[in-house]
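Heads up: the structure comes next, in structure tokens.
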Amino acid sequence: MEKKYSKLIAELRNVCNIAFGKNLVDTHSGNISAGTEDGILITKTGKSLINLKPDDFTVTQSKNNNKNKKNCASSELEVHRFILDSFPASSVFHCHPLNAIALSLLADKTGADGISGAIADGSMKKLFSVYPDIKIIKPLDFESAYFFPEIYVFPLKFIEDIKSGKFMTFNIKAGDIFKENGIFMVKSHGSFSWGRTPMDALRWAMTLEASSEIILKLTRK
């Protein structure tokens, strides 16, 4: 990997090491990326996020086309592309926060406090009509609610549609989804967060996980 990315890779490495220490990823889960002038700098598929090295990354085009090879990029590359299309020169972090994942599953089973069926307005109406089973996590603690009053929980089909290119026909941008906050959940799978810096993206993942733990503790009473 070119030396010009050394500082950025150091930032991404630091974020991933913190995430591992906080149990947001295991030894070989999750992925991280950053928009650059050359395209998307992203972890390669199957690479451990612990102590990332320059060779654990690849640079791929920010726009997909038939001639664009993925260069062993993460299997979540198209989701990173989708987000970075709205937020160039920022960072995207995908992880598997245990409490947030549990909460995404609990929503359908119990209708626990802090979760409700989603009601859309404006540019999001079409999205909710395509995915009527979207849920919303509403943080109960002041800190989380201040930064993101609602977090969308999408079905797995949402990710599948992005990867296949079908979602692009809906003419909905990541900027619409992230209008209120910097993170969304995928049911039973994990979270995708974005930030102006890698540390910002990590911050939203950690805040979501802390908020989810609080909600779960209250629902157990």
Response to the item:
Distance in nm between THR197 and ASN14 label points, each 7 Å along Cα→Cβ, equals 0.7 nm
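Among the listed pairs LYS47/LYS157; LYS63/LYS125; LYS125/LYS166, which are separated by more than 19 Å between their Cα atoms? Numbers along the way, then the final one.
Details: LYS47/LYS157 25 Å; LYS63/LYS125 26 Å; LYS125/LYS166 17 Å.
The pairs that break the limit, which is 19 Å between Cα atoms, are LYS47/LYS157; LYS63/LYS125.
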Worksheet item: Of the listed peptides 186-196, 152-162, 73-83, 135-145, what is their order by residue-averaged count of other C-beta atoms within 10 Å, with the highest listed first?
Response: 73-83, 186-196, 152-162, 135-145
Discussion item. List the lysines whose Cα sits under 21 Å from the Cα of LYS217, skipping any in the same chain fewer than 8 residues away.
Written reply: LYS22, LYS109, LYS135, LYS138, LYS187
Worksheet item: Near LYS179, which aspartates and glutamates are there with a Cα under 15 Å away, not counting those fewer than 8 places off in the same chain?
Response: ASP85, ASP121, GLU150
Worksheet, complete the sentence: Of the DSSP H helices in the chain, the ones reaching 27 Å or more along their long axis in Cα terms and averaging at least -1.0 in Kyte-Doolittle hydropathy are 198-219
Worksheet item: Which entry in (i) 0.98; (ii) 1.41; (iii) 1.10 is this structure's computed Cα Rg over 2.2 N^0.38 Å?
Response: (i)
Worksheet, complete the sentence: Sorted by chain and then number, the residues having a modelled amide H within less than 5 Å of the amide H of ALA73, at least 5 places away or on another chain, are THR45
Practice prompt. For LYS7, list the aspartates and glutamates whose Cα falls under 18 Å from its own Cα; do not include residues on the same chain fewer than 8 positions away.
Written response: GLU37, ASP38, ASP55, ASP56, ASP200
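Since every read-out is calculated from the coordinates, none of them should be taken as a lab result. Only a predicted model underlies this, so the values are computations on that prediction, with no experimental measurement involved. As a convention, Cβ positions derive from the backbone with ideal geometry for all residues, glycine included, and neighbour counts pool all protein chains shown.
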